[in-house]
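What follows is a short report on a single structure.
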Amino acid sequence: MTTFPYQSTTNDITVRVRPSYLAEESSPAQNRYVWAYQVEIENGSDGIWTVMARHWHIVDANGQSQQVDGEGVVGQTPTLEPGGVFRYTSGAPLSAPSGIMSGSYDLAAATGEKLSVKIPTFSLDSPYETSKPS
């Protein structure tokens, strides 16, 4: 079983995230640090939900902030039946050796009900990060 170190639940919808540093795609000499993050969205409710949009807030160690908004996830608008799980992998490049990401998904039910589901805040840490919180 795969472990996800970050998890958040909103109205019985659970989002789990596991980030990993991609050394082979990063170039510290050019201030390019790249991460992949695996996401699992699990529907623990009795309803059927469709992921309509995503909203990401990314802040790097230098304080640079990015807002990323878009339709669905990885080019899809997945529908989650009760007990259903959708998994995907995406990536994030930064110009600093660490950062944090947080956000939310907009879900919609066939009934017209809307729901904003929290994505847990997670850290992007590379082996090149020398400052650590004490």
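Among the protein heavy atoms of the stretch 1-122, carbon and sulfur supply 47% of the accessible surface, probe 1.4 Å, non-protein parts ignored. Summary value for the chain: 29 percent relative contact order, contacts being C-alpha pairs under 8 angstrom separated by 6+ residues. Spatial offset of the stretch 1-65 relative to the stretch 93-131 amounts to 5 Å, using the alpha carbon center of each.
Accessible surface calculations at 1.4 Å, restricted to protein heavy atoms, place the chain at 54 Å² per residue. Kirkwood-type hydrodynamic radius, the stretch 37-90: 12.5 Å, calculated from all non-identical alpha-carbon pairs.
Using the empirical formula 2.2 N^0.38 Å as the baseline, the Cα radius of gyration of the stretch 1-127 reaches a ratio of 1.10.
Relative contact order of the stretch 1-75, taken over Cα pairs closer than 8 Å and 6 or more residues apart, is 22 percent.
The values are calculated or read from the model by the stated rules, or taken from the named source; none is laboratory data. Everything numeric here is computed off the predicted structure, so don't read it as measured data. All accessible areas refer to the heavy atoms of the entire protein, side chains included, with ligands and DNA or RNA removed. Shrake-Rupley method; radii C 1.70, N 1.55, O 1.52, S 1.80 Å.
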